[in-house]
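Chemist: I am attaching a structure below and will ask some questions about it afterwards.
The values are calculated or read from the model by the stated rules, or taken from the named source; none is laboratory data. Keep in mind that this is a model prediction, so the values were computed, not measured. Using ideal geometry, Cβ is built from the backbone for each residue, glycine included, and neighbour counts are taken over all protein chains shown. When the accessible area is computed, the model is the full protein with side chains, heavy atoms only, and any ligands, DNA or RNA have been set aside. Shrake-Rupley method; radii C 1.70, N 1.55, O 1.52, S 1.80 Å.
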Amino acid sequence: MTSNRNSSGTAQVEELISAYESFINAFDGSNSFAAAEPMMDTIFASDFTFVTEDGPKDLAWYRDFAKGFAAGQGNVARVTSIKPTSSGIQVTINNTVAGVVINPITYNGTTVIDENGKLKLSHFEADTSGDKRPMQNVGQMVALVSAAEEGEDSKGLPVIFICKMAVRSDKIDDFQSQARQAVEDMKSEQGLRSFELYFSGDGSSCHTVENYKHSQAAIKHLQHMQRNKHRNEAIAMFKVTQLEVYGEACEDLKALLDGEDYGVTYFESCGISLTQ
């Protein structure tokens, strides 16, 4: 990609500004992500980063955040001003989350021209020149969305996956490399308690032990990984031979898993347990 925005021409800049404003204003409190999500691929570069108080987040995180924002009844985002800059765009957005009106946040967005010659956003960060409060406002917004999601899922019970895979003998090193990077990308998943990989002595068999706070967290993980480039690079290197699911998997989770060629077996607790 190239960062030479001027080569894209005024028309592309105006088109991106219009598309981004429509994207943000789609968060109108209607509790639906359906209008906003299709716009994302035309607005954001594949390596897009959104900077929070906890550091930069990738496009998969931002997509999940946007979906969580939309899911909150009455959550509203509205563009109050937007203009082109020498490196991209600058936009000011008013947000209301969980009934809390957050102070307006002005962002600086950097644009790039992708491999297809399309102008897209690659980096988004609150304008903190001389004032840290805009980044604190971003932190407040993220925290409110996360708290609302946790509240909605608080009644769910833990779910554990044990996924058994056969790894191609000529791809063991490549598989482990892609797996390591995919696990790094899981760090943004708040509902994932742990994710561990175990290999047989010759590396040809891999088992993952995955612990989720609840079924919704497992669903979000699966959706996240479906878009993860490292997981997708590794798909041709292994085959799932058995997936065991322990706990009370909700019907939505079962439907998602049963749609894959995983050979899923579900196990429910009989109430006999010991935790020390």
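Chemist: For the range 108-149: of the residues being of a type outside the set (A, V, I, L, M), touching a helix residue (DSSP H, G or I) at 6+ places or on another chain (Cβ under 9 Å) and assigned to a helix (DSSP H, G or I), which is modelled with the highest pLDDT?
Modeler: Here the answer is S146.
Chemist: Restricting the search to the range 150-179, which residues are at pLDDT 95 or above, surrounded by fewer than 16 Cβ atoms within 10 Å (Cβ to Cβ) and closer than 30 Å to T49 by Cα?
Modeler: If the condition is that a residue be at pLDDT 95 or above, surrounded by fewer than 16 Cβ atoms within 10 Å (Cβ to Cβ) and closer than 30 Å to T49 by Cα, then D173, D174, S177 are the ones that fit.
Chemist: On to the next question. Among the residues of the range 51-81, which ones are of a type in the set (V, I, T) and either surrounded by fewer than 18 Cβ atoms within 10 Å (Cβ to Cβ) or farther than 24 Å from S32 by Cα (or both)?
Modeler: Step one: list which residues in the range 51-81 are of a type in the set (V, I, T), which gives 51-52, 76, 79-80.
Scanning the range 51-81 gives V51, V76, V79, T80.
Chemist: So which residues in the range 189-210 are over 28 Å from S169 (Cα atoms) and buried (at least 18 other Cβ atoms within 10 Å of the Cβ)?
Modeler: To start, the set of residues in the range 189-210 that are over 28 Å from S169 (Cα atoms) comprises 189-193.
Listed by number, the residues that qualify are E189, G191, L192.
Chemist: Run down N103, N108 and say which single residue is surrounded by 15 or more Cβ atoms within 10 Å (Cβ to Cβ) and of a type in the set (S, T, N, Q). Lay out the reasoning, then the answer.
Modeler: Values: N103 fails: surrounded by 15 or more Cβ atoms within 10 Å (Cβ to Cβ).
Residue meeting the stated conditions: N108.
Chemist: How many residues are part of a helix (DSSP H, G or I) and of a type in the set (G, A, S) if we restrict to the range 39-57?
Modeler: The total comes to 0.
Chemist: Let me ask something additional. Which fully enclosed strands (runs of 3 or more DSSP E) of the range 181-276 have 3 or more residues being more than 30 Å from S46 (Cα to Cα)?
Modeler: 238-247, 264-267
Chemist: If only one of S18, S7, S32 is loosely packed, with under 15 Cβ neighbours inside 10 Å and modelled with pLDDT of 95 or more, which one is it?
Modeler: S18
Chemist: What are the residues in the range 196-222 that are at pLDDT 95 or above and of a type in the set (V, I, T), if any?
Modeler: Residues satisfying the conditions are T208, V209.
Chemist: Give me a count of the residues in the range 236-259 that are touching a Phe, Trp or Tyr at 6+ places or on another chain (Cβ under 6 Å) and among the hydroxyl-bearing types (S, T, Y).
Modeler: 1
Chemist: Another question, then. Name the residues in the range 243-273 that are open to solvent by 50 Å² or more (accessible area, probe 1.4 Å) and over 21 Å from K213 (Cβ atoms), would you?
Modeler: Scanning the range 243-273 gives D258, G259, E260, D261, T265, C270, I272.
Chemist: Of all residues in the range 162-188, which are under 22 Å from W61 (Cα atoms) and in contact (Cβ under 8 Å) with a residue 60 or more places away in the chain? Walk me through it before giving the result.
Modeler: Narrowing the range 162-188 to residues under 22 Å from W61 (Cα atoms): 177-188.
Across the range 162-188, the qualifying residues are D185, S188.
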